[in-house]
Amino acid sequence: MNLRPIGPGDDRLPTARRRDTPVPSAQGAPVHRAEPLGLGGTRLRDACWEALSPKVRALLEQRAGSTLAWFASDDPSDADGRPMAVVFGESALCIARPRLNADHRPVYTLSSYRLGPIRHRDVDHRPPPAHPRAGAAGPGHGGAPAGPVGLSAAARGVLGNLPEKAQTLLQSPFSDSPVSFHDWYYQGYDHHLEVFVLVLAGARDLTLAAGSKIVPAGHSDATAHWALRCYRAPVVGRVGA
């Protein structure tokens, strides 16, 4: 089993980035070029979750409400290798990050986006073998929008792996409002990502996609099958950094 967790705003990818010029979709949100979803050898999310203290886990679950999606991964910025975690629930998106306090003692900081009513749409993408996704190949169109302000090149590369419909659902609330937080996580094998989560959040809206990816026999990444649930909710308040 392999995984590739990446922290917020982390621009590291397993191969050199291609040009970030996206292909515009019919709905107006850009369709990005796919970057390879590299798989590494760090701990899986269950092991990282168990490495958190019971108090931190309880606070995340309490503040988030009934859990809809979550992940935990090793935080590359922490010298002691402690994990971070994200829990998306019916009340909030909550984030726990390892830090050192003023006395240089290891602690966790918790922040959250408090949410209004959550809506969702399912994306069941099953193209035939010879029908690549719009964002998987082909030259970009000159003058196309680069996507929401605040979206890193790495995030655009991950988004580019998703079906066009999912990319549109995730980005459309941020056409006139910047993204202030983004993160993603996936684990599994090259032909089967058992877990995939990507979240975008700003001052007014939050979107998140959760699901899985399978590359059936005779297919490639360009024609992978995705089963995703795409969530959208208004942000009604922030707590913490």
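Observations
- Among the residues of this structure, Val56 does not count as one that is free of Cβ contacts under 8 Å to residues at least 40 places away in the same chain and hydrophobic (A, V, I, L, M, F, W, C).
- Condition met for Val195 (open to solvent by 30 Å² or more (accessible area, probe 1.4 Å) and over 17 Å from Ala34 (Cα atoms)): no
- In the range 205-215 there is at least one residue matching the filter, namely being in contact with a helix residue (DSSP H, G or I) (Cβ under 6 Å, 6 or more places away or on another chain), among the charged types (D, E, K, R) and open to solvent by 20 Å² or more (accessible area, probe 1.4 Å).
- Within the range 61-95, the only residue that satisfies the criterion of being under 13 Å from Tyr113 (Cβ atoms), among the aliphatic types (A, V, I, L, M) and not in a strand (DSSP E or B) is Ala64.
- Checking every residue in the range 79-90 against the condition of being over 16 Å from Ala58 (Cα atoms), open to solvent by less than 60 Å² (accessible area, probe 1.4 Å), over 16 Å from the mean Cα position of the chain (by Cα) and of a type in the set (D, E, K, R) gives at least one match.
- Just one residue in the set Pro117, Pro98, Pro8, Pro14 is in a loop (DSSP other than H, G, I, E, B) and modelled with pLDDT of 85 or more; that residue is Pro117.
- Residue match in the range 47-54 (condition: surrounded by fewer than 15 Cβ atoms within 10 Å (Cβ to Cβ) and at pLDDT below 95): no
The values are calculated or read from the model by the stated rules, or taken from the named source; none is laboratory data. Remember, it's a predicted structure, so these values are computed and weren't measured experimentally. Here the Cβ is made from the backbone with ideal geometry for all residues, glycine too, and neighbour counts use every protein chain on show. Remember, those area values only see protein heavy atoms, side chains included, never the ligands or the DNA or RNA. Shrake-Rupley method; radii C 1.70, N 1.55, O 1.52, S 1.80 Å.
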